[in-house]
Amino acid sequence: MTYQYHNPVAIRFGSQAVGELRAVLGDRRVVVVTFPEARDLGLVARLQELLGSSLAHVEERVQPNPDVQELTSMYESFWREHASTEAIVALGGGSAIDTAKVLMVGTDSGRLDELVSVLEGGRSFAPKRVKPLIAIPTTAGTGSEVTPWATVWDRASGRKHSLHLRETWPETAIVDPDLMLTLPPSVTLPSGLDALSHALESIWNVNANPISDTFAVAAARGVLATLPALMTEPQNLELRSAMALAALQAGLAFSNTKTALAHSISYEMTLRHGLTHGIACSFTLPMILGRVIGLDTRRDALFSTIFDGQLSDAPNRLSRFLNSLGVATDFGDYGVSGEEAAQMIRSALGGVRGKNFFAAGAWKER
Ligand SMILES: NC(=O)c1ccc[n+]([C@@H]2O[C@H](COP(=O)([O-])OP(=O)(O)OC[C@H]3O[C@@H](n4cnc5c(N)ncnc54)[C@H](O)[C@@H]3O)[C@@H](O)[C@H]2O)c1
Ligand SMILES: [Zn+2]
């Protein structure tokens, strides 16, 4: 049996790492893609200072959960006005990095609907125009800085697409916990839980292997040990740094496995019930953990390591962890009836991500 692990993203990690942006870029001309509040937070000025005349344009219209409708004008103006730019710098959370991943691949027409129809049809797409991406996360959660995926929402049609091309790996991730000190609790919590979900999802995954597991276990232990303390001390750089590392490790784990059942369920919870991604993909974790313990010795050993040797109590411990952070763990708490929940789980098990769940067969038989 051999295992494969591949991740081409160069990583720079640590306090003040953003200061290395100029060295990473050389003299390439860049467009920065960021969120509207970045200017008031002083982040745009910081990049202007770092980049000088290499900065061609700042696109600051990124909205949370990038949607096809909002992305259209951004995409088309990028390829009309900045086609000669030599790289994109994404500064922000998963929404900014995912937006940049959409922008980085140019359709022949320069129109977004050409790309969307590829996503809708599940067809292959080999872009002739690609801009290298430098990803600078300002949240600790999505891991998008080290994955090739972008979530593209289409709320008008109640759907969610996943952009995933060979070309959409970032070239470099610059992970600087200083940039996360301004994150409000309302984002620190869900983004941190998103990282926990990525870690566990990469373990109960058909694509798991001992290499991805190493990152996943470290990530899960890191989130469990750090997030409650960070919620009470948001200005603590050491805790921000530990969370940033855990989220990065979770990203490295699921960059090779993809996600599984909890994420498959989450997309429906977000589209139908408006749940933030990080809550939607984490409130089911104790339930899923309870179902998988005892099915596979190797995975049990990993869960045991994550939960300090207390395997049988692990689902309860995880519930208590989430509840203590104010996150309810039953579908009913989100206004979802037992019948709707059962239907949602059934459909999630059959979805693309659900098929990555290693225990799908055992679940259906129960
Ligand atoms: N590509 C992937 O692999 C992947 C994985 C998981 C989630 N996602 C996607 O990522 C998105 C969620 O990303 P997220 O959780 O990072 O949040 P986000 O990027 O949506 O940001 C949430 C909010 O936080 C603000 N913000 C970000 N950084 C800040 C900072 N340093 N200080 C103050 N405010 C700040 C933003 O303006 C925004 O309002 C969802 O669309 C989700 O589907 C993608
Ligand atoms: Zn996620």
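Rounded to the nearest 20 debye, what is the charge dipole size of the chain about its Cα centre when +1 sits on each Lys and Arg Cβ and -1 on each Asp and Glu Cβ?
The calculated dipole for the chain is roughly 720 debye.
Can you give the FRET efficiency for residue 40 and residue 125, using 1/(1 + (r/R0)^6), R0 = 41 Å, r = Cβ-Cβ distance, to the nearest 0.05? Write out the running numbers ahead of the final one.
On the way: r = 37 Å, r/R0 = 0.90.
Result of the calculation: an efficiency of 0.65.
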To the nearest Å, what is the center-to-center distance of the range 281-298 and the range 1-47, using C-alpha atoms only? 34 Å
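What is the extension gain from residue 301 to residue 3, computed as 0.36 nm multiplied by their sequence separation minus the C-alpha to C-alpha distance, in nm to one decimal? Display every interim value, and only then the final one.
Working: separation 298, 0.36 × 298 = 107.28 nm, distance 1.89 nm.
Going from the current span to full extension adds 105.4 nm.
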Honestly the range 74-120 on the Cα gyration tensor test (a ≥ b ≥ c root eigenvalues; a/c under 1.5 rounded, otherwise a/b vs b/c for prolate or oblate) is just oblate
Could you sort 59, 49, 233 by accessible area so the largest value comes first, with the probe set to 1.4 Å? 49, 233, 59
Can you return the lysines within cross-link range of residue 258? Criterion is Cα-Cα under 23 Å, with same-chain partners fewer than 8 residues away left out. 101, 160, 355, 364
Computed on Cα atoms, the radius of gyration and Dmax of the range 300-346 in angstrom are 13.6, 35
Using the charge dipole of the chain (Lys, Arg: +1 at Cβ; Asp, Glu: -1 at Cβ; taken about the Cα centre), state which of 174, 215, 79 has its Cα farthest towards the positive end. 215
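Rounded to the nearest 5, what is the percent of antiparallel bridges among the DSSP beta bridges in the chain? Mind showing how you got there, number by number?
Values: 9 of 30 bridges.
Of the beta bridges lying entirely in the chain, close to 30 percent run antiparallel.
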What distance in nm separates the simple spin-label points at residue 84 and residue 113, each placed 7 Å from Cα in the Cβ direction? 3.0 nm
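For residue 16 and residue 339, what does the FRET efficiency come to when R0 = 35 Å and r is the distance between their Cβ atoms, rounded to the nearest 0.05? Don't skip to the end; give the middle numbers.
Numbers: r = 53 Å, r/R0 = 1.50.
Given R0 = 35 Å and the Cβ-Cβ separation, E is 0.10.
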Relative contact order of the chain, defined on C-alpha pairs under 8 angstrom at six or more residues apart (%): 16 percent
What is the distance, in nm, between label points placed 7 Å from the Cα along the Cα-to-Cβ direction at residue 346 and at residue 313? 3.7 nm
Less than 14 Å from a label point 7 Å out along the Cα-to-Cβ axis of residue 155: which backbone N atoms in the range 250-272 qualify, by residue? 270-272
Which residue, chosen from 302, 290, 312, occupies the Cα position most advanced towards the positive end of the dipole of the range 253-343, where the dipole is computed from +1 (Lys, Arg) and -1 (Asp, Glu) charges on Cβ about the Cα centre? 302
Name the shape class, rounded, prolate or oblate, that the alpha-carbon gyration tensor gives for the range 1-142, where a ≥ b ≥ c are the square roots of its eigenvalues, rounded holds for a/c under 1.5, and otherwise prolate holds if a/b is larger than b/c and oblate otherwise. oblate
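Just need the Rg to Rh number for the chain, please, alpha carbons only, Kirkwood Rh.
0.96
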Please report the spacing between the Cα centers of the range 104-141 and the range 142-213 in Å, no decimals. 16 Å
What's the angle, to the nearest 10 degrees (0 to 90), between helix 112-121's Cα axis and the longest principal axis of the chain? 30 degrees
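Nothing charged except the Cβ atoms of Lys and Arg (+1) and of Asp and Glu (-1): what's the magnitude of the dipole of the range 104-197 about its Cα centre? Round to the nearest 20 debye. All intermediate terms of the calculation are to be shown ahead of the outcome.
On the way: 9 positive and 11 negative charges, 68 e Å.
That gives the range 104-197 a dipole magnitude of about 320 debye.
Dipole size in debye (nearest 20) for the range 324-366 around its Cα centre, Lys and Arg Cβ +1, Asp and Glu Cβ -1?
Numbers: 5 positive and 5 negative charges, 67 e Å.
Charge dipole of the range 324-366: 320 debye, to the nearest 20.
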Where only alpha carbons of the range 158-266 are counted, the Rg and the Dmax (Å): 14.3, 40
Rounded, prolate or oblate, given the Cα gyration tensor of the range 219-316, with a/c below 1.5 counting as rounded? oblate
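The values are calculated or read from the model by the stated rules, or taken from the named source; none is laboratory data. Since this is a predicted model, take the numbers as computed values, not measurements. For neighbour counting, all protein chains shown are included, and Cβ atoms are generated from backbone atoms with ideal geometry for every residue, glycine included. With ligands, DNA and RNA removed, areas are computed over all heavy atoms of the protein, side chains included. Shrake-Rupley method; radii C 1.70, N 1.55, O 1.52, S 1.80 Å.
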